[in-house]
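So the structure is just underneath, and the comments pick up after that.
The values are calculated or read from the model by the stated rules, or taken from the named source; none is laboratory data. Since the model is a prediction, treat every value here as computed from it, not as a measurement. Cβ atoms come from the backbone with ideal geometry, glycine included; neighbour counts cover every protein chain shown. Note: accessible area is taken over every heavy atom of the protein model, side chains too, but ligands, DNA and RNA are not part of it. Shrake-Rupley method; radii C 1.70, N 1.55, O 1.52, S 1.80 Å.
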Amino acid sequence: LAKMADAAERYIKVHTASRLLKWAIDRYRETRQGPMLGRAGAIFAALTLGSFQKLSVDFDSDPVSLQGLRADGRLVPIGGMSDGTRDQLYLALRLAALELHLTQGHAMPFIADDLFINYDDRRAKAGLEALATLSEHTQVIFLSHHDHLVPTVQAVFGREVNVVVL
């Protein structure tokens, strides 16, 4: 009985230490995520109109994978996202990488060709607002064959935006 009590006590200590260590590692990862992932998460949240709060890396999966954190706390893997949401994720990652590059190197133009094919009008506006933010640091050239986006482009960038119709 004494040996069982010792084993149970040791199990409780090891189990508790394991849980605390996992919590500490998760907290460290949460607070120390790289600047690109943090910025991409913020852009992704804006592009999805708050449907996702941020991006998270699942270090426990093999291979390590990227997930989106929903407003209700659910984690959604990339494979569980719609085509439009995946497009928004990839745009968020590209913009965050470009912003990081701009802080360390020379400005280069960003050429966007029909980025918003799978976006509804509200999310297309959010995407254009992300491009407007980027345009404060580098030249943005936006190509599209969607005429219905011209008023939204003018609303986001201002009436003086240069629209060329071919």
Would you tally the residues in the range 120-166 being closer than 20 Å to Ala97 by Cα and in a helix (DSSP H, G or I)?
9
Subset of the range 99-127 [touching a residue at least 60 places away in the same chain (Cβ under 8 Å) and open to solvent by less than 80 Å² (accessible area, probe 1.4 Å)]:
Glu99, Leu100, Arg123, Ala126, Gly127
In the range 50-66, what count of residues is obtained for those that are of a type in the set (Phe, Trp, Tyr) and over 17 Å from Tyr90 (Cα atoms)?
1
Residue ID - nearest to the chain's Cα centre (by Cα), chosen from residues in the range 35-49 that are open to solvent by less than 40 Å² (accessible area, probe 1.4 Å) and either more than 13 Å from Ala92 (Cβ to Cβ) or aliphatic (A, V, I, L, M) (or both):
Ala40
Scope the range 85-97; condition of a type in the set (A, V, I, L, M) and open to solvent by less than 20 Å² (accessible area, probe 1.4 Å); matching residues:
Leu89, Leu91, Ala92, Leu95, Ala96
I want to confirm something. Restricting to the range 58-71 and keeping residues that are over 11 Å from the mean Cα position of the chain (by Cα) and surrounded by 13 or more Cβ atoms within 10 Å (Cβ to Cβ), which single residue is modelled with the highest pLDDT?
Arg70
